[in-house]
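Undergrad: Below you will find the structure I want to go over with you.
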Amino acid sequence: MTQHWTEQDIPNQHGRVAIVTGANTGLGFETARALANHGAHVVLAVRDVAKGEAAAARIDGDVSVQALDLASLDSVRAAAADLRAAHPTIDLLINNAGLMFPPRSTTADGFELQIGTNHLGHFALTGLLLDHLLPVPGSRIVTLSSNGHRFRGADIRFNDLQWEQKYSRVGAYAQSKLANLLFTYELQRRLEPSGTTIAVAAHPGVSNTELMRHTPRLLQRPVSVLAPLLTQPAQMGALPTLRAATDPAVTGGQYYGPDGRGEVRGHPVLVSSSAAANNEDVQKRLWAVSEDLTGVTY
């Protein structure tokens, strides 16, 4: 019988500093809670500080709250400066926060909201914190992707990255989640000479969280009825992230997701990603574009 990896398998995290974006609710909250329960000092990096403080009050452990709006590069830079000042070393950076299927809008810097928040904001944050991770043996950067990276036609639209010509909320989401994997794989390639820090990706399957709040109106009722049957709780959805962040057997460039049919539900195991996500030329091109758009160079 195969033994499933569960929250109880998280090793002792005492002495470790973990930053979790979007940690006031859903997957991020469950990730932060589990890490704190196992001894880590966890920073809840959140857009709404009041909600972050309310979440922190529900966690039994050593936690703090940091203001971070990934849809604003000014906010990302300010948050990174605060985090660098407060934490000379960082053990875990978990790029969890994300948006799914919003109506078309833009970030403070004019990026389409999903690519801007899900990818570019995290790209900038990671780059600005990287030198506080590199000196730490066993440090990790975990970035959340999604089964959405496999949606039909998912690609990086270099000729219209911001979806200015014709917006598809599903297409833009798929692009952003594909970008998360392309970023992880290119980051790992660049980190390999360091021998200390690794980049890993994870996805939660289909979890019942606030991420679904932008579901198109016509689908909201069917989704609300079917969600309990077709999704898993956020506590289960967070397990691939937690395994990627803490399992001693994890190596750089791996991708973790649920073990059930279609990777929709289940316990975390090593999974594969699409051919598009493994295209090294696209990984390198997206990296260059991301540096140019954010002004953050690694």
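The values are calculated or read from the model by the stated rules, or taken from the named source; none is laboratory data. In this text the structure is predicted, and so the values were computed from the model without any measurement. Here the Cβ is made from the backbone with ideal geometry for all residues, glycine too, and neighbour counts use every protein chain on show.
Undergrad: Does the stretch 194-204 hold any residues that are out of contact with any Ser or Thr (no Cβ under 8 Å at 6 or more places or on another chain) and either at pLDDT 95 or above or at positive phi (or both), and which are they?
TA: First, pick out the residues of the stretch 194-204 that are out of contact with any Ser or Thr (no Cβ under 8 Å at 6 or more places or on another chain): 194-195.
Result: Gly195, single match.
Undergrad: In the stretch 265-298, how many residues are crowded, with 16+ Cβ neighbours inside 10 Å, in contact with a strand residue (DSSP E or B) (Cβ under 9 Å, 6 or more places away or on another chain) and not in a strand (DSSP E or B)?
TA: Qualifying residue count for the region: 6.
Undergrad: Here's another thing I want to ask about it. Within the group His149, His132, His122, which residue is in a helix (DSSP H, G or I), crowded, with 19+ Cβ neighbours inside 10 Å and touching a Pro at 6+ places or on another chain (Cβ under 9 Å)? Working first, answer last.
TA: Values: His149 fails: touching a Pro at 6+ places or on another chain (Cβ under 9 Å); His122 fails: touching a Pro at 6+ places or on another chain (Cβ under 9 Å).
It is His132.
Undergrad: Exactly one of (1) assigned to a helix (DSSP H, G or I); (2) buried (at least 23 other Cβ atoms within 10 Å of the Cβ); (3) not aromatic (Phe, Trp, Tyr) is unmet by Ala201. Its number?
TA: With respect to (1) assigned to a helix (DSSP H, G or I); (2) buried (at least 23 other Cβ atoms within 10 Å of the Cβ); (3) not aromatic (Phe, Trp, Tyr), Ala201 is out only on (1).
Undergrad: Which condition breaks for Leu144 when tested against (1) surrounded by fewer than 18 Cβ atoms within 10 Å (Cβ to Cβ); (2) modelled with pLDDT of 95 or more?
TA: (1)
Undergrad: Sort through Thr251, Thr241 and tell me the only one that's surrounded by fewer than 16 Cβ atoms within 10 Å (Cβ to Cβ) and of a type in the set (Val, Ile, Thr).
TA: Working: Thr241 fails: surrounded by fewer than 16 Cβ atoms within 10 Å (Cβ to Cβ).
None of the others qualify; the one that does is Thr251.
Undergrad: Can you name the residue in the stretch 39-62 that is among the hydrophobic types (A, V, I, L, M, F, W, C) and either closer than 16 Å to Leu27 by Cβ or in contact with a His (Cβ under 9 Å, 6 or more places away or on another chain) (or both) and is also surrounded by the fewest Cβ atoms within 10 Å (Cβ to Cβ) among such residues? Steps first, please.
TA: The initial filter retains those residues of the stretch 39-62 that are among the hydrophobic types (A, V, I, L, M, F, W, C), namely 40, 42-46, 49-50, 54-57, 59.
Filter once more, so that each one left must be either closer than 16 Å to Leu27 by Cβ or in contact with a His (Cβ under 9 Å, 6 or more places away or on another chain) (or both): 40, 42-46, 55, 59.
On the way: Ala40: 26, Val42: 30, Val43: 29, Leu44: 28, Ala45: 32, Val46: 28, Ala55: 21, Ile59: 18.
Applying the filter and picking the extreme gives Ile59.
Undergrad: Criterion first (on the phi > 0 side of the Ramachandran plot and touching a helix residue (DSSP H, G or I) at 6+ places or on another chain (Cβ under 6 Å)) does Gly26 satisfy it?
TA: Working: on the phi > 0 side of the Ramachandran plot: yes; touching a helix residue (DSSP H, G or I) at 6+ places or on another chain (Cβ under 6 Å): yes.
So Gly26 fits the description; yes.
Undergrad: Just give me the residues in the stretch 18-41 being under 16 Å from the mean Cα position of the chain (by Cα) and assigned to a loop (DSSP other than H, G, I, E, B), in sequence order.
TA: Across the stretch 18-41, the qualifying residues are Gly22, Ala23, Asn24, Thr25.
Undergrad: Just to be sure I understand the filter: pairs with C-beta atoms under 8 Å, separated by 6 or more residues or on different chains, first member in the stretch 154-182 and within 11 Å of Asn118 (Cα to Cα), second member among the β-branched types (Val, Ile, Thr) and in a loop (DSSP other than H, G, I, E, B). Which pairs pass?
TA: Hits for this filter: Gln175/Ile156; Leu178/Ile156; Ala179/Ile156.
Undergrad: Is one or more of the residues making up the stretch 270-281 modelled with pLDDT of 95 or more, under 20 Å from the mean Cα position of the chain (by Cα) and over 15 Å from Ala201 (Cβ atoms)? Steps first, answer last, please.
TA: So in the stretch 270-281, the residues modelled with pLDDT of 95 or more come out as 270-281.
Imposing the further condition that a residue be under 20 Å from the mean Cα position of the chain (by Cα) reduces the set to 270-274, 276-278.
From the residues that got through so far, the ones that are over 15 Å from Ala201 (Cβ atoms) too are none.
Looking through the stretch 270-281, none of the residues is modelled with pLDDT of 95 or more, under 20 Å from the mean Cα position of the chain (by Cα) and over 15 Å from Ala201 (Cβ atoms).
Undergrad: Answer yes if at least one residue in the stretch 97-112 is surrounded by fewer than 24 Cβ atoms within 10 Å (Cβ to Cβ), basic (Lys, Arg) and not in a helix (DSSP H, G or I), and no otherwise.
TA: yes
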